[in-house]
1. Return the only residue of Tyr97, Tyr67 being under 20 Å from the mean Cα position of the chain (by Cα), crowded, with 21+ Cβ neighbours inside 10 Å and touching a residue at least 40 places away in the same chain (Cβ under 8 Å).
2. From the list Leu155, Leu166, Leu175, exactly one residue is out of contact with any helix residue (DSSP H, G or I) (no Cβ under 8 Å at 6 or more places or on another chain), touching a residue at least 60 places away in the same chain (Cβ under 8 Å) and on the phi < 0 side of the Ramachandran plot. Which is it?
3. Suppose we keep only residues that are free of Cβ contacts under 8 Å to residues at least 12 places away in the same chain and in a loop (DSSP other than H, G, I, E, B) within the range 237-280. Which one would you say is surrounded by the most Cβ atoms within 10 Å (Cβ to Cβ)?
4. Restricting attention to the range 4-43, and to residues there that are in contact with a Phe, Trp or Tyr (Cβ under 8 Å, 6 or more places away or on another chain) and polar (S, T, N, Q), which single residue is nearest to Asn242 (Cα to Cα)?
5. If we scan the range 23-40, do we find a residue that is closer than 22 Å to Leu175 by Cα and either touching a helix residue (DSSP H, G or I) at 6+ places or on another chain (Cβ under 6 Å) or modelled with pLDDT under 95 (or both)?
6. Would you please list the contacts, defined by Cβ atoms under 9 Å and residues six or more apart or on different chains, that run from a residue in the range 17-36 that is surrounded by 14 or more Cβ atoms within 10 Å (Cβ to Cβ) to a residue that is of a type in the set (D, E, K, R) and at pLDDT below 95?
7. Kindly indicate which of Leu219, Leu234 is touching a residue at least 40 places away in the same chain (Cβ under 8 Å), more than 28 Å from His11 (Cβ to Cβ) and surrounded by fewer than 24 Cβ atoms within 10 Å (Cβ to Cβ).
8. Before we move on, is Val75 of a type outside the set (Phe, Trp, Tyr) and in a helix (DSSP H, G or I)?
Amino acid sequence: MDTLNKALREHILILDGAMGTMLQRYKFTEEDFRGERFKDWSSSLQGNNDLLSLTQPKAIAEVHRNYFAAGADIVETNTFSGTTIAMADYHMEELVYELNYESAKIARQVADEFTEKEPHKPRFVAGAMGPTNKTASMSPDVNDPGFRAITFEQLRKAYKQQAEALLDGGADILLVETIFDTLNAKAALFAIEEIKEEREIEVPIMVSGTITDASGRTLSGQTAEAFLISISHLQLLSVGFNCALGAEQLTPYLEVVSNRSECGISAYPNAGLPNAFGEYDQSPREMAKQVEEYLEKGLINIIGGCCGTTPEHIKAIAEVAKKYSPRKLNELILH
């Protein structure tokens, strides 16, 4: 943890880019997703990217390697959907611990490989904890606004299992990300606090929300400031935003949290906004130029990319980030 805190003080840390965008390049078929172990699985598995940590581990390691080579200090584990709640779509709830453990282990091995080669630039692993495909604050049924498809307790239990496996596999940081419903995130954060207490350990926590549209609110209706206030009781490594918007659109919301927060500020926007086909066209150079606004204003401690970003985007962002100092931090929050 001391190494991470030292790095956070000294320079802007670079987070990796999109895992899904990179995996699409492999054009994996249903058979590739299944591998030998799951060849007779009863339901379709194509699209279950987390499963590739078991069936195509070399590809996952290669993606991590490419991001580290591009300049990333931190890579995220391939576990965005790694809860029993999300894995229920594939009837793979029983595999959740293994999926998270193995994903963290792959990332840890690659991170250690790079740290050994470049001891002056230690590499870190962030255990990615996505929002699940359920929401605790809103009803999925317009005819029954009081209905909830998930409870806080179910979320807490699922997140706890995921977090334990990520830590056991070697994650340095737990990243609760793409938060569209802060109640879901609170269940994850509550579970992490339980683990910290039970294991008598400290765990650096990154929290990253998502502003879903030009309204400037999360899906469950919170403004950037309200989102920050609702998690401000916790000691966090960083808070920030990712996904949904491109770098340019994210600036005003980062300004809000940067001005009101004592912890680090993170951002990993999409490569612009999607085109009519849902694809991202923004070039690495264009994205780096937009990200530079954050750096000029001193808003950021951790910067990376989300949907549509590649090692080329991360390399361009890392090059620009070298020219700037990180946002000043309150020394107390790092201990």
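1. Working: Tyr97 fails: crowded, with 21+ Cβ neighbours inside 10 Å.
Just one listed residue meets the conditions, Tyr67.
2. Details: Leu155 fails: out of contact with any helix residue (DSSP H, G or I) (no Cβ under 8 Å at 6 or more places or on another chain); Leu166 fails: out of contact with any helix residue (DSSP H, G or I) (no Cβ under 8 Å at 6 or more places or on another chain).
Answer to the check: Leu175.
3. At the first step, the residues of the range 237-280 found to be free of Cβ contacts under 8 Å to residues at least 12 places away in the same chain are 259, 275-278.
Filter once more, keeping what is in a loop (DSSP other than H, G, I, E, B): 275-278.
Numbers: Asn275: 11, Ala276: 5, Phe277: 6, Gly278: 8.
Ranking the candidates gives Asn275 first.
4. Within the range 4-43, the match that is nearest to Asn242 (Cα to Cα) is Thr21.
5. Step one: filter the range 23-40 for residues closer than 22 Å to Leu175 by Cα, giving 23.
Narrowing further to those that are either touching a helix residue (DSSP H, G or I) at 6+ places or on another chain (Cβ under 6 Å) or modelled with pLDDT under 95 (or both): 23.
Yes: one or more hits.
6. none
7. It is Leu219.
8. On the way: of a type outside the set (Phe, Trp, Tyr): yes; in a helix (DSSP H, G or I): no.
No: the conditions fail for Val75.
The values are calculated or read from the model by the stated rules, or taken from the named source; none is laboratory data. What you are looking at is a predicted structure, and each value in this text was computed from that prediction instead of being measured. Using ideal geometry, Cβ is built from the backbone for each residue, glycine included, and neighbour counts are taken over all protein chains shown.
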